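Here the structure is laid out as structure tokens; the discussion comes afterwards.
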Amino acid sequence: MSLYEKTVYPRLAEPISADELVLDFTPTEEEIEFCTRSARQPSSRLTLLVLLKLFQKLHRLPNTDEVPVAVVDHLRIQLRLGAAIVFEHDDPVQRARQRHLIREYTGFAAWSKEARHVATAAGYEAALIMGRAADITNAVIGALTNARFELPPFSILERTTRHARALAHRKLCGNVFARLTAEERQALDRLLVIPVDQRRTAVQRIKRLPQRPSRKHLKESVDHLEWLESLGSVGTEVKDIAPSLIRDFAKQARTTDAGELKDFTPAKRYTLLLCLIHRTRARYAEAEKLYRKTLDLQRRILGPEHPDTLGSMKDLAYTVTQEVRYPEAEKLYREVLALESRVFGPEHPMTLAAMNELAQVLIEQSRYAEAEKLNREALDIQRRVLGPEHPDTLTSLESQGQILSREGRYPEAEKLFQEAIQHAGTANQPGVLGQAWYNFACAASTGHRGEAFRYLSRAIDYGYGTPDSITGEPDLKSLHGDPRFDALVAKARQTTASPARSQ
């Protein structure tokens, strides 16, 4: 639906019903007398009355092609004119005179510099509390109508809305910027930089969607499960921003590449980041509270070994992992692993999944030897129980390749990635293929640049990798500055904008 259709900008129904003709287009005796007094020719009286009734309906004078035949016929009958009397609106001099007469009769003023000022002021006030362009445009229409100004073409209203919203957002962002200290601004800028001891920017952690879906009964309560505790307080900085605008600003920050955020003015960049943090933190606090409440109830009612209880423990562990609270996440996963191994058995897919998730937590803590041992144990069982082409087996295969590459054992990692790609291709799993090529590119980026570019291109072909994830990936940092890297980022941007494709 277009912006025009979402607003209350007056327009005529198609077709006009008989009831609407009687209700909206039947003239009063005063209106007939006005037209008879103002126009001597029958066709001129008919034209003036048609335009008057349409103006009363639309608060603007329509173009000739907008005038419905049904309205002309209805008013011809009201004036007791024959069918030979036609609607005439082609003479520019006559048209200008008719506009002047209608404005005088209705008390409406023409669109002017003063009207534009009224529209901009109304749009500005609305844009301080409303996010949707349609809502702001509706506020502008209401203000013009109340001030008895003729409505301009919709394209002018649309431009006015954009201008007013830009002014309002500039004011809000300026207020946020003024409240921030130099240290706070630097801290926000650091969100767009990859720390030495981390694998991604903090803003990527905030923006990243969960890789594993939440449980059904909590799914709608969880939007993003990210690490926010170390980002400082967010409250007074955005206190003047309406909740709807915080939501819109957060959405804009979430869908904008980290590199593009750096190109914004500092005031806008900081405002978007603060709204993203504020919005995500509120969602996270609600989500973790629900997880813990649900888990406590399940432990008491169902018992600690019930499958639903174990599922909630996993969800909570995953939440804590996203918060980069690795020691707490490791403790939860080890508890889950011990319980699932006892309840389901050491070779059950649920138990193996817990082993993989615990291995990922160990990887994030750079405890590669422990992660390799645990992941290899799970991989050996998955190959035997699930088969070499099962998605879980292939995921473990890639994880093992990642661990080996980070330990500097590229030849061993290369074999594992090639095996994963071969099996994923045989099983026709394009999503797994794209992920395998991407991880293979990360492994090859140090010391095998040419191969890394080829592998990354293949990953993008399968729709894997966004511009933000590629530019922010620490393992690909060595490729920065190469024209081939910039070309692949542009390719990913194009691929992201269209449906993912596989080959």
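The figures follow:
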| quantity | calculated |
| --- | --- |
| Distance (nanometres) between label positions extended 7 Å along Cα→Cβ at Arg334 and Asp65 | 7.5 nm |
| Check: the chain dipole with +1 on Lys, Arg Cβ and -1 on Asp, Glu Cβ, in debye | 900 debye |
| Percent RCO, i.e. relative contact order, over segment 6-63, from Cα pairs under 8 Å lying at least 6 residues apart | 35 percent |
| Spin-label model distance (nm) - Ala109 vs Lys239, 7 Å beyond Cα toward Cβ | 3.9 nm |
| Residues Glu451 and Ala147, FRET efficiency given R0 of 56 Å [Cβ-Cβ distance, rounded to 0.05] | 0.25 |
| Heavy-atom accessible area per residue - the chain, 1.4 Å, Å² | 49 Å² |
| For Phe149, distant residues with modelled amide H under 5 Å away | Ala109 |
| Cβ-Cβ FRET estimate between Lys415 and Ala487, R0 fixed at 25 Å, reported to 0.05 | 0.30 |
| Label-point gap, in nm, between Val343 and Ala427 - each point 7 angstrom along Cα→Cβ | 2.5 nm |
| Whole-Hz ³J(HN,Hα) from phi, Karplus 6.51 cos²θ - 1.76 cosθ + 1.60, for segment 27-33, glycine and proline x | x, 7, 4, 5, 5, 5, 4 |
| In degrees, nearest ten, helix 266-301 long axis to first principal axis of the chain (Cα) | 60 degrees |
| 16 Å cut-off, amide nitrogen to a point 7 angstrom out along Glu29 Cα→Cβ, residues in segment 40-61 | none |
| Protection proxy ranking, peptides 50-63, 253-266, average beta carbon neighbours within 10 Å, highest first | 50-63, 253-266 |
| From phi via Karplus (6.51, -1.76, 1.60), per-residue ³J(HN,Hα) for segment 107-113 in Hz, x at Gly/Pro | x, 8, 9, 6, 4, 8, 4 |
| Relative contact order computed over segment 59-187 (Cα-Cα under 8 Å; 6+ residues apart), in percent | 25 percent |
| On Cα atoms only, tilt of 430-444 relative to the major axis of the chain in degrees | 60 degrees |
| Prolate/oblate/rounded label for the chain (Cα gyration tensor, a/c 1.5) | prolate |
| ³J(HN,Hα), Karplus 6.51/-1.76/1.60, whole Hz, each residue of segment 59-64, x for Gly, Pro | 6, 7, 8, x, 6, 4 |
| Apportionment of accessible area to carbon and sulfur, the chain, percent (1.4 Å) | 53 percent |
| Degrees, to the nearest 10: 243-254 long Cα axis against longest axis of the chain | 50 degrees |
| Segment 116-146 and segment 26-83: distance between their alpha carbon centers, rounded to Å | 31 Å |
| Efficiency of FRET between Ile16 and Arg97 - r from beta-carbon atoms, R0 22 angstrom, step 0.05 | 0.25 |
| Relative contact order of segment 364-465, defined on C-alpha pairs under 8 angstrom at six or more residues apart (%) | 21 percent |
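The values are calculated or read from the model by the stated rules, or taken from the named source; none is laboratory data. None of these values were measured; they are calculated from a predicted model. Glycine also receives a Cβ, built like all others from the backbone with ideal geometry; neighbour counts cover every protein chain displayed. For the accessible areas, the whole protein counts, side chains as well, though only heavy atoms, and no ligand, DNA or RNA atoms are used. Shrake-Rupley method; radii C 1.70, N 1.55, O 1.52, S 1.80 Å.
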